[in-house]
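K.L.:
Dumping the structure here so I can ask a few things about it.
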């Protein structure tokens, strides 16, 4: 049970989504809980930013992409020695934002609770929370750690960069796989395996989170893009290995057909993105044709794919550029 000292905490939770509600409930024994939310709040005291000045512990539980604006908004109301603790599922950029947008007289702690409403259904014991101390008094830090240890959580201390490096695999890649399974709309068949049921559980868990969280954890983690590309490349390699097993002429032609379909699917995607770029160019009064970028793209591919004839790469890009410019509303002269 929390002691009287813990009860002196005045905790303000900003944002009251699924995780904000969970955090409010688990921290109730450790202080007075206030909530700042655009929507009406039940069971907890709802306050404004101005009323937040009496709080000594602030926890924003907003989407990662919204965090910088929230930090700027709360900055004028923070009293000396107030602790601001973020709970973003990425750490490198949020920890930079804490230092950049908040005054030097407040204490800062980066954290990532490695649990959510679904995983916490059966309690918090042996689940993890990551701490990245930024600027916090040792005594205060030990008090915070004591609270989360009393909840049964395992505390992992690390740097923001190391957190993101590891979670690019353990979190972002898992969400990527789960979302892909969700797009397939797979169901549990009558003939099934334990492994398949675990895959379905992954799919269910990640789909309970918002698409905004999914996009943000990939956009704001500097390591996710590399891991995602490695995974896709591995899938493609294994797919080709299956096709090439005990192949004959007919099989090889089928493989060529599959590759051609992939090529045209990617060209279709490229042209759709080119069209969006064209819209942005028009909004910002930028020229449609960009010869400098054309040259950079061609040179990059020539250097990357040295076994492919340079003239072929240039000719192929010429066709792609022409189609892209047409989508953007211009012509490649």
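What follows draws every value from the coordinates through simple rules; no lab data is involved. A quick note: this is a predicted structure, and the numbers were derived from the prediction, not measured. Positions of Cβ are backbone-derived with ideal geometry, glycine not excepted, and every protein chain shown enters the neighbour counts.
K.L.:
How do 315, 324 rank when sorted from fewest to most other Cβ atoms within 10 Å of their own Cβ?
P.N.:
315, 324
K.L.:
Taking 7 Å along the Cα-to-C-beta vector as the label spot, tell me the residue 194-residue 326 distance in nanometres, rounded to one decimal.
P.N.:
5.6
K.L.:
As a test of the formula, what do you get for the chain when each DSSP H run with n ≥ 4 contributes -39,500 (n - 2.57) and the sum is divided by the residue count, at 222 nm and rounded to the nearest 500 deg cm²/dmol?
P.N.:
Here the helix-only value at 222 nm equals -16500 deg cm²/dmol.
K.L.:
Between residue 240 and residue 100, what's the calculated FRET efficiency when r is the beta-carbon distance and R0 is 51 Å? Round to 0.05.
P.N.:
Approximately 0.65, to the nearest 0.05.
K.L.:
Which entry is the computed P(r) over Cα pairs in 10 Å bins from 0, in percent for this structure: (1) 5, 21, 29, 26, 16, 4, 0; (2) 5, 20, 23, 13, 6, 8, 10, 9, 5, 1, 0; (3) 5, 18, 25, 20, 16, 11, 4, 0?
P.N.:
(3)
K.L.:
Tell me, 112, 105, 25 in order of fewest to most beta-carbon neighbours within 10 Å?
P.N.:
105, 25, 112
K.L.:
Another question, if that's okay. On C-alpha positions alone, give me the angle between the axis of helix 249-283 and the longest principal axis of the chain, in degrees, nearest 10.
P.N.:
60
K.L.:
Here is a follow-up. Under a point spin-label approximation (7 Å from Cα along Cα-to-Cβ), what is the residue 289-residue 228 distance to one decimal in nm?
P.N.:
Placing both labels 7 Å beyond Cα along the Cβ direction yields 3.4 nm.
K.L.:
Still on this structure, I have one more. Helix 92-101 sits at what angle to the longest principal axis of the chain, using alpha carbons and giving 0 to 90 degrees rounded to 10?
P.N.:
Roughly 50 degrees, rounded to the nearest 10.
K.L.:
Find how many whole Å separate the alpha carbon centroid of the stretch 123-150 from the alpha carbon centroid of the stretch 67-115.
P.N.:
15
K.L.:
For residue 72 and residue 212, what is the calculated FRET efficiency with R₀ set at 22 Å and r taken between the beta-carbons, to the nearest 0.05?
P.N.:
0.70
K.L.:
For residue 256 and residue 169, what does the FRET efficiency come to when R0 = 30 Å and r is the distance between their Cβ atoms, rounded to the nearest 0.05?
P.N.:
In this case the efficiency is close to 0.35.
K.L.:
Full-extension gain between residue 312 and residue 49, please, as 0.36 nm times their residue separation minus the C-alpha to C-alpha distance.
P.N.:
Contour length minus Cα-Cα distance gives 88.6 nm.
K.L.:
In addition: Please report the antiparallel percentage of the DSSP beta bridges confined to the chain, to the nearest 5.
P.N.:
20
K.L.:
Using a simple spin-label model with points 7 Å from Cα along the Cα→Cβ vector, what separation in nm is obtained for residue 141 and residue 42?
P.N.:
The answer from the label model is 4.1 nm.
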